Amino acid sequence: MYETLEVSQYRSRGPSSLNTFTEIPRTLLEMSTLLMALPMLRLLPRGDNHTVMVLPGFMVGDESTTVLRGYLSSMGYTAIPWLLGRNTGGLEVMQARLRDRFEEACRRSNGPVSLIGQSLGGIYARELARWAPDKVRQVITLGSPFGVTHAGETQSAVRRVFEQQTGTTVAQMRDAIRAMEAQTTPPIPLTAIYSKGDGIVNWRVCREADEGHQTQNIEVWGSHCGMGFNPSIYRIIADRLAQSTAQWQKYRS
């Protein structure tokens, strides 16, 4: 009982002030490191041309995933954007427009689609997988707070921007996500990537509570905003996407 309460107290806290304060410089560092690492990253196993849709995080659009999609295209995948403009966090996007976009991608694809979602985009990706599991090959989330249970788990300034943009409080969004059972793992292979250096959300809410035979939490070093440029994450993504659909295995560093 005491241990459960202690874990709950840690989860209800926001990210550390140091992590938040250093988010931007660490993101810039990850960008510069990626440039140096790209030649080696291109030596990783190549893809089979299956479709990979990349979903952006809160308050950004497809421009934030350009580098990642470019890398995936160079590795032999059909990497596509979500084409829905800036991700302002509205539930109507997840429940209607994104489903239409996903259906369009599936019609053009030669098989199930892999989904990569950064932050809020990862929550959307999980919902798509829950809605149409037969059309999703796997989901990879990058610092996605799908386990959020308390408003305090998000950095305060980001929380205020979210509420201003959506007209919805974090508590209301949490309740809506709970109604959709967002904490329930979709019945497909899922990799949740998180960092204890996250300066935007509590890293604990970006992990699967129970890892099953086709679910894995993977820790990396880095910032929240820089996950789309983190060389370690690119290596993990390349490994995950190159796997056979029939024999999915957990990542080994």
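Every read-out reported here was derived from the displayed coordinates using simple, explicitly stated rules and does not represent laboratory data. No experiment lies behind these values; they were computed from the predicted model shown. No Cβ is skipped: glycine too gets one built from the backbone with ideal geometry, and neighbour counts run over all protein chains shown.
Miscellaneous remarks
- Taking other Cβ atoms within 10 Å as a rough exposure proxy, Ser195, Ser119 sort from fewest to most as Ser195, Ser119.
- The GluC sites (Glu not before Pro) of region 194-253 that meet both conditions, a loop assignment by DSSP and at most 15 other Cβ atoms within 10 Å of the site Cβ, are Glu211.
- In nm, spacing of pseudo-spin labels at Arg46 and Ala242 (7 Å Cα→C-beta vector): 1.1 nm
- Distance between the pseudo-spin-label points of Phe21 and Arg97 (7 Å out from Cα toward the beta carbon): 3.8 nm.
- The label-point distance for Asn217 and Arg86, in a model that sets each label 7 Å from Cα toward Cβ, rounds to 3.3 nm.
- Taking other Cβ atoms within 10 Å as a rough exposure proxy, Trp203, Trp131, Trp221 sort from fewest to most as Trp221, Trp131, Trp203.
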